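Each remark here refers to the structure printed beneath this line.
Every read-out reported here was derived from the displayed coordinates using simple, explicitly stated rules and does not represent laboratory data. A quick note: this is a predicted structure, and the numbers were derived from the prediction, not measured. Note that we place each Cβ from the backbone using ideal geometry, even for glycine, and neighbour counts take in every protein chain shown.
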Amino acid sequence: MEIFRTKSVEQSIRDTEEPEHRLHKRLSAVDLTVFGIGVIIGTGIFVLTGRVAKESAGPAVALSFVVAGVVCALAALCYAEFASTVPVAGSAYTFSFATLGEFPAWVIGWDLMLEMALAGAVVAVGWSGYFSSLIASMGIHLPASIADAESGFINIPAMVIVALLTAILYAGIKLSSRVNLVIVVIKVSVVLLVIIAGLFFVKAANYTPFIPPAESTAGVSGLKAPLIQVLFGITPVAFGVIGIFSAAAIVFFAFIGFDIVATAAEETIEPQRDLPRGIIGSLLICTVLYVAVSLVVVGMQPYSQLSEKAPLADAFAAVGQTWAATLISIGAIAGLTTVVMILMLGQTRVLFAMCRDGLLPRGLAKVHPRYGTPATITLLVGGVTMLLSGFISLGALAELVNIGTLFAFVVVSIGVVILRRTRPDLPRSFRTPLVPWVPALSVLACVYLMLNLPVETWLRFVVWMIIGVVVYFLYGYRHSRVANAPKP
């Protein structure tokens, strides 16, 4: 069928050489690793740790982070092979076009648009909250009418930070990487300082029992129930060994973002070597930091007494170290700044690839002659993200980011196996080990986590995908460059 026509790897690489669509190659393995750390370390490290320890895993929350890190590592190995074999902007969209065909590629591209645009806006709103809290501690109080779209009218701080980051992204990938490096150094320094300072207040008694006895949790009903409960009647369990895995399904979302490193493939100086290093290196560093923070916070305070909103800051306050609250707020603001920027970077590169292929208006894919960035698309993404963060309450939609990410992981894992079968001749500087077992494990792990998401999230996801299918057949199917290319 025509909708499953594929675009060869060779053609994808040739397209990157077109003068008006050529991105500048300026990134190294260090730049990519820092991008990965920049997008992974956000509020998850400051917030999720306490909530999950208190509600699901107890002190064994550190093991939940390890489990989630392993699940991400399985997907990361698949991304690393693809990104080094097909070093083209677009990440999972481009990989899908080379293996599954045009329509599946469109579906995954549409899915990534949802994931990154919505995530960028959600995180910008979180940034605004931390910023308002920090300046309030200095005696400057912003009215809710201009700093909270939910209880007021508009969220100006969120819109301002998005506008500033859009300008940085517009001005070039190297400037973006330098700004990211500075902010990542700040937030990792804060995280390390918190870990080291917290060690002085750890009590061994707080680690006992390390894995609390299992408890049944009240089943959630209606659209908020996890899909796995609706399909199989499985009610989530808190604590115990099963609780560790249930908690892993939650803390997994603190790792979301490493896949965005792959969207910068086309701007990497030596992609075959540096992309696998950037993807796997950033994931490994963040996993170590997450495990260390979780061990410190549950050691400072009994897990049953941890705060759910600000566990790290409150744990330090409980031992008389109130200075940590301000420090953690600064770390969170720095963390969220880079998360917003890199999510927007990923969004622009996926859209750029889709426009260059003609599935969306091709005129948008022109590269700025001086800055070497997809300028029009950058402004478009920045504008949409500003509107979303400024005027819409996004809390209920945040879980759409999670299902979108997991869906992309599943497609990439399947694609690695298909490309091994259909194009064994392609040079692969990095090879996913134990194919097809590692990709199969990645698919199973991601599907399990997807089943733990609420029914309402699945319904919203299906509606978004139906809209995408309509757009494809009204526009993309007829304007596709692959479809309209001259036949040999």
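Strictly greater than 21 Å: what percent of every Cα pair in segment 74-206 meets that?
On the way: 5737 of 8778 pairs.
Above the 21 Å cut-off, segment 74-206 has 65 percent of its Cα pairs.
With 0.36 nm allotted per residue and the present C-alpha distance subtracted, the VAL237-VAL470 stretch has 79.9 nm of extension available. Projecting label points 7 angstrom from Cα along Cα→Cβ for LEU459 and GLU215 puts them 3.0 nm apart.
Please arrange LYS174, LYS187 by counting, for each residue, the other beta carbons lying within 10 Å of its beta carbon, fewest first.
Details: LYS174 15, LYS187 25.
Fewest to most other Cβ atoms nearby, the residues stand as LYS174, LYS187.
Taking every pair of distinct Cα atoms and averaging 1/r, then inverting, what Kirkwood hydrodynamic radius in Å comes out for segment 196-322? The partial results should precede the final answer.
Details: mean 1/r = 0.0562 Å⁻¹.
Here the Kirkwood hydrodynamic radius works out to 17.8 Å.
How do LEU193, LEU27 rank when sorted from fewest to most other Cβ atoms within 10 Å of their own Cβ? Walk me through the intermediate numbers first.
Values: LEU193 14, LEU27 26.
Taking fewest neighbouring Cβ atoms as first place, the list is LEU193, LEU27.
Amide H contacts of LEU27 (H built 1.01 Å from N, in plane; Pro and chain starts excluded): THR268, ILE269 sit under 5 Å, all sequence-distant by 5 or more or on other chains. Return the calculated 222 nm mean residue ellipticity for the chain, to the nearest 500 deg cm²/dmol, obtained by summing -39500 (n - 2.57) across DSSP H runs with n ≥ 4 and dividing by the residue count. Roughly -21000 deg cm²/dmol at 222 nm, from the helical runs in the chain.
Here, segment 344-488 is characterised by an Rg to Rh ratio of 1.01, where Rg is the alpha-carbon radius of gyration and Rh the Kirkwood radius. For ALA225 and PHE201, the FRET efficiency from 1/(1 + (r/R0)^6), where r spans their Cβ atoms and R0 equals 30 Å, is about 0.15. In straight-distance terms, cross-link reach from LYS187 covers every one of the aspartates and glutamates whose alpha-carbon lies under 17 Å from its own, apart from those fewer than eight places away in the same chain; here that gives ASP31.
Taking N as the number of residues in segment 126-178, what is its alpha-carbon radius of gyration divided by 2.2 N^0.38 Å?
On the way: Rg = 13.5 Å, N = 53, 2.2 N^0.38 = 9.9 Å.
Here the answer is 1.36, to two decimals.
If the chain linking THR208 and ILE13 were pulled fully straight, counting 0.36 nm for each residue of separation and taking away their Cα-Cα distance, it would gain 64.7 nm.
Please compute the modelled spin-label separation between GLU20 and LEU193, points set 7 Å along Cα→Cβ, answer in nm with one decimal. Result: 5.0 nm between the two label points.
Here segment 53-131 is described by how far its Cα atoms reach on the three principal axes: 45, 31, 20 Å, from widest to narrowest.
As an exercise, use a Förster radius of 30 Å and the Cβ-Cβ distance of ARG431 and ILE330 to find the FRET efficiency, rounded to the nearest 0.05. Computed FRET efficiency for ARG431 and ILE330: 0.10. Phi angles across segment 340-356 convert, under the Karplus curve 6.51 cos²θ - 1.76 cosθ + 1.60 with θ = phi - 60°, into 3J(HN,Hα) values of 4, 4, 6, 4, 5, 4, x, 4, 5, 6, 5, 4, 4, 5, 5, 5, 5 Hz, Gly and Pro given as x.
Can you tell me the alpha carbon radius of gyration of the chain divided by the globular rule-of-thumb value 2.2 N^0.38 Å? Each step should come with its number before you reach the end.
Details: Rg = 22.1 Å, N = 488, 2.2 N^0.38 = 23.1 Å.
Here the Cα radius of gyration is 0.95 times the empirical estimate.
Across segment 325-373, Cα-Cα distances exceeding 18 Å account for 50% of all pairs.
Judged by the gyration tensor of its Cα atoms, with axes a ≥ b ≥ c, segment 1-81 is prolate; a/c meets the 1.5 cut and a/b is the larger of a/b and b/c.
Each label point was placed 7 Å from the Cα along the Cα-to-Cβ direction; for ILE3 and LEU175 their separation is 4.2 nm. Convex hull volume of the Cα atoms of segment 156-205, normalised per residue: 101 Å³. Projecting the Cα atoms of VAL447, THR208, LEU169 onto the charge dipole of the chain, computed from C-beta unit charges around the Cα centre, puts LEU169 farthest toward the positive end.
Could you list the square roots of 5 times each eigenvalue of the Cα gyration tensor of segment 75-120, that is, the equivalent ellipsoid semi-axes, sorted largest first and rounded to whole Å?
Ellipsoid half-lengths, sorted descending, are 18, 14, 8 Å.
By the count of neighbouring beta-carbon atoms within 10 Å, fewest first, ARG22, ARG356 end up ordered ARG22, ARG356. In segment 296-401, the inverse of the mean reciprocal separation of distinct Cα atoms equals 17.2 Å; this is its Kirkwood hydrodynamic radius.
Neighbours of VAL39, meaning other residues whose beta-carbon lies under 14 angstrom from its beta-carbon, give a summed charge of -1 when Lys and Arg score +1 and Asp and Glu score -1.
Given Cβ point charges of +1 (Lys, Arg) and -1 (Asp, Glu) and nothing else, what value in debye, to the nearest 20, does the dipole of segment 406-462 about its Cα centre take? Don't skip to the end; give the middle numbers.
Values: 6 positive and 2 negative charges, 55 e Å.
Once rounded to the nearest 20, the dipole reads 260 debye.
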